[in-house]
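As structure tokens, the structure follows; a few thoughts come after it.
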Amino acid sequence: MTKGKISATIVRSGVDIKKTLQNYLKYIDYTEVDYSDDIACYPKSDILICSLELTHSATVSEAEERIKKYLLKYRSVVFCEPSSLSFDKLWDLGYKSTHEVFSENKMFGEITFDVICGIGLRNHVTSVSEYGCNPIYNVRSTQLIATDNNIGIDYHNISSRENLVFSFPVFDMEFFVLSQFNSPKVDFSSDLDLVQYRLLQPNASAGNMLLQDFRDAKEIGQIIYETTDYDIEELKKSIKKPIVLDNYLIKTNDMNEKLKEWNNLISFAYEKVSIVKLHNCIITGCGFLYSDNKPIARSDYLLPFLTSSIYQPIWRGLERLHPLRSLGGPTIIAFNHLYINYYHFLSECLQAAYLLYKKIRQINSGIINIVTCKLKGFSREYFDILFSDDPNVNIVELAESEYISADEVYYSPELLGFTTHQPCLLAERQSFKDFIMEKANIETSRVPSEMIYISRKDTKARKIQNENALIESLENLGVKTIELTGKSVKEQIQIFSDAALVIGGHGAGISNSLFMNKSSIMLELIQASYQNVAPMRLAQSSGAQYCSMLFFKNGEGDGWYVDIERVCSFVMQYKQNLVRLETY
């Protein structure tokens, strides 16, 4: 069999399967075998195609046992049987199929689509398709005989029959396709007529992919890398203490509580990162993982907080098998379900892709598979920057409803899973930044000089209600307003690299603070009712000085107001070199 192609085993019979399915068989590998009661004699393949076996069974129970036996070995099983579709309508017209008169067809009329679906439900089948073969269009056909004929084809009376054209489907033979979890797509529409299709149960249900008995990745996998204590100590030497600019004229009790909450949140927190090698994995379209059919704990990341049931997004990611179906060799997981957000993509998904790639490449010069989301916009730009010059990188993109299997999977639970309630400082972050800057050919020799404000006009969430007035005041002080929408990844990196002072409200855009210069300052404007340290950790990782101001006036919806005077006061003192950050 050719690697990667769908494979089929065809059991020889009185039906010429190769002729009947000639278009479909052009695109798959297949082997023909003689019929045997011992299924062990049949080769392994994705699909088994056999003929007449159900109709020749003595009972429906015997037919079900045959189906059950085949489903244990093959992901998809196809039965070609004499068609009893429109059986009742033909009898009403005084005709029947010639197949009815043959004694070996014991189950003719009993092997129907509904019967097959019932058997499928009892045997973990996801879906059943019925195709018609050799259509019959009117009663003047050698495949039909009068209902009182028990001998066979009556060539003499065919021309004397009424030339009645059928207004319903009639076929000589029909194909039933039973598909299980992990089965390739079987589509005979280029050779046959699709009569009906029925989804019996969710694909994940058929595969028994329940979200029970979660296992920690480190428990069932092999840890091949972990941040050392030395790495953490070196990181501590390069990180500047974050500064809260709390020069308020009046502080209420509520303000004090929020400031206390924020000061506790921004205290130093370091996390060790690991790489775990897992086997026999299924990677779902939302980034959730199974290993040895066990769900991996915390690979659901924030789903429990965002949805009433994690079954919905996870089983959605198990609807369809990716066309590649399975991956051999080292396979990197490089996404989680929040990949669409710029911050989560950059700091989690891309960071994981980089770290796992670098560690595997140190010991393996061959093909490395990187499984990620559907790449577009900034995600595709970043992947092109990091990996386009390595011909041995195979990027595999999953849609939200797709999944793929892999035997040798590398995963970072700290980067892609839920291990801490707020982002922490990572020793691996600084080399990640340097790698991106180098690959993107970002000019870093010049001294940062720009003062910039990152506008939130291009976002709908947490809008600054008085942003127009803020921008006007800042521009009067020489601060340049930047809207990141429409700018390439390289342009955004260069903007932050060139900035001596960056001002911005909390949001994905200021995640680019990772690319700031060590001599620069980041001033984040914080909505006191929405506190999150994610951008701060990236600014700290760049080596820049991180400062924050909290604002307590909320606006319409989730909007809020900035104290423009306080922000401008900081900028004026900065320009006059009067800012003493340690005492401000």
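The values are calculated or read from the model by the stated rules, or taken from the named source; none is laboratory data. Since the structure is predicted, the reported quantities are computational estimates derived from the model, not experimental observations. No Cβ is skipped: glycine too gets one built from the backbone with ideal geometry, and neighbour counts run over all protein chains shown. What goes into the accessible areas is simple: the full protein's heavy atoms, side chains included, and nothing from ligands, DNA or RNA. Shrake-Rupley method; radii C 1.70, N 1.55, O 1.52, S 1.80 Å.
Quick notes on this structure:
- Hits in region 106-128 - residues which are more than 30 Å from Pro184 (Cβ to Cβ) and in contact (Cβ under 8 Å) with a residue 40 or more places away in the chain: Lys106, Phe108
- Ser455 vs. criteria at pLDDT below 90, small (Gly, Ala, Ser) and either within 17 Å of Met522 (Cβ to Cβ) or buried (at least 18 other Cβ atoms within 10 Å of the Cβ) (or both): no
- Filtered residues of region 63-109 (kept if surrounded by fewer than 18 Cβ atoms within 10 Å (Cβ to Cβ), farther than 21 Å from Ser127 by Cβ and aliphatic (A, V, I, L, M)): Leu93, Val101
- Scanning region 336-372 for residues that are without any contact (Cβ under 8 Å) to a residue 40 or more places away in the chain, of a type in the set (A, V, I, L, M, F, W, C) and either open to solvent by 20 Å² or more (accessible area, probe 1.4 Å) or not in a helix (DSSP H, G or I) (or both) yields Leu338, Ile340, Ile363, Ile367, Ile368, Ile370.
- Single condition Thr485 does not satisfy, out of (1) assigned to a loop (DSSP other than H, G, I, E, B); (2) buried (at least 16 other Cβ atoms within 10 Å of the Cβ): (2)
- Of all residues in region 344-377, none satisfies the criterion of being at pLDDT below 95 and touching a helix residue (DSSP H, G or I) at 6+ places or on another chain (Cβ under 6 Å).
- Test: residue in region 129-149 that is closer than 30 Å to Lys185 by Cβ and touching a helix residue (DSSP H, G or I) at 6+ places or on another chain (Cβ under 7 Å): yes
- Residues in region 147-163 that are open to solvent by 30 Å² or more (accessible area, probe 1.4 Å) and in contact with a Lys or Arg (Cβ under 8 Å, 6 or more places away or on another chain): 3 in all.
- Per the listing Ser84, Ser141, the residue uniquely hydroxyl-bearing (Ser, Thr, Tyr), within 18 Å of Val195 (Cα to Cα), in a loop (DSSP other than H, G, I, E, B) and modelled with pLDDT under 95 is Ser84.
- Just one residue in the set Lys260, Lys272 is among the charged types (D, E, K, R), open to solvent by 30 Å² or more (accessible area, probe 1.4 Å) and assigned to a helix (DSSP H, G or I); that residue is Lys260.
- When region 414-436 is limited to residues that are open to solvent by 20 Å² or more (accessible area, probe 1.4 Å) and part of a helix (DSSP H, G or I), the one that is farthest from Ala539 (Cα to Cα) turns out to be Glu414.
- Pairing residues of region 446-472 that are on the phi > 0 side of the Ramachandran plot and outside any strand (DSSP E or B) with residues that are at pLDDT 85 or above and of a type in the set (Ser, Thr, Tyr), at Cβ distances under 7 Å and at least 6 apart in sequence or on separate chains, gives Arg462/Tyr530.
- Checked against the criteria, Val447 counts as aliphatic (A, V, I, L, M) and open to solvent by 70 Å² or more (accessible area, probe 1.4 Å).
- In region 110-142, the residues that are open to solvent by 40 Å² or more (accessible area, probe 1.4 Å) and within 49 Å of the chain's Cα centre (by Cα): Glu110, Thr112, Asp114, Val115, Leu121, Arg122, His124, Asn134, Pro135, Tyr137
- When restricted to residues that are open to solvent by less than 50 Å² (accessible area, probe 1.4 Å), under 23 Å from Tyr411 (Cβ atoms) and hydroxyl-bearing (Ser, Thr, Tyr), region 201-251 contains 2.
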